[in-house]
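Working notes for the structure below.
The values are calculated or read from the model by the stated rules, or taken from the named source; none is laboratory data. This one's a predicted model, so the numbers in the text were calculated from it and none came from an experiment. Please note: Cβ atoms are built from the backbone with ideal geometry, for glycine as well, and neighbour counts cover all protein chains shown. For accessibility, only protein heavy atoms count, side chains too; no ligands or nucleic acids. Shrake-Rupley method; radii C 1.70, N 1.55, O 1.52, S 1.80 Å.
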Amino acid sequence: MIYPLSGLFFGALLGAYRAKSRGGKVADMAQWAAVFALIFGIIGLFIAIIITRNLT
């Protein structure tokens, strides 16, 4: 399933955008991107697990 990967990508973009909009430097953008990527990746993983369990 592609949900965890898309969650990582979307989370990184959202985190970097959020840090940049608050006036963050490059290190802040990288940290926010990493944290949001992990959060959205884990959410995507749970979505993939739920879909897989319901289809079988």
Per the filter on region 45-56, residues in contact with a helix residue (DSSP H, G or I) (Cβ under 6 Å, 6 or more places away or on another chain) and either open to solvent by 70 Å² or more (accessible area, probe 1.4 Å) or hydroxyl-bearing (Ser, Thr, Tyr) (or both) are LEU45, ILE47
The one condition TYR3 fails out of (1) open to solvent by 70 Å² or more (accessible area, probe 1.4 Å); (2) without any contact (Cβ under 8 Å) to a residue 12 or more places away in the chain is (2)
Mind checking whether some residue in region 28-44 is open to solvent by 100 Å² or more (accessible area, probe 1.4 Å) and either in contact with an Asp or Glu (Cβ under 7 Å, 6 or more places away or on another chain) or among the charged types (D, E, K, R) (or both)?
no
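Could you list all residues from region 11-27 that are assigned to a helix (DSSP H, G or I) and loosely packed, with under 14 Cβ neighbours inside 10 Å? First the steps, then the outcome.
Here is the first cut: in region 11-27, the ones assigned to a helix (DSSP H, G or I) are 11-21, 26-27.
The answer is SER21, VAL26, ALA27.
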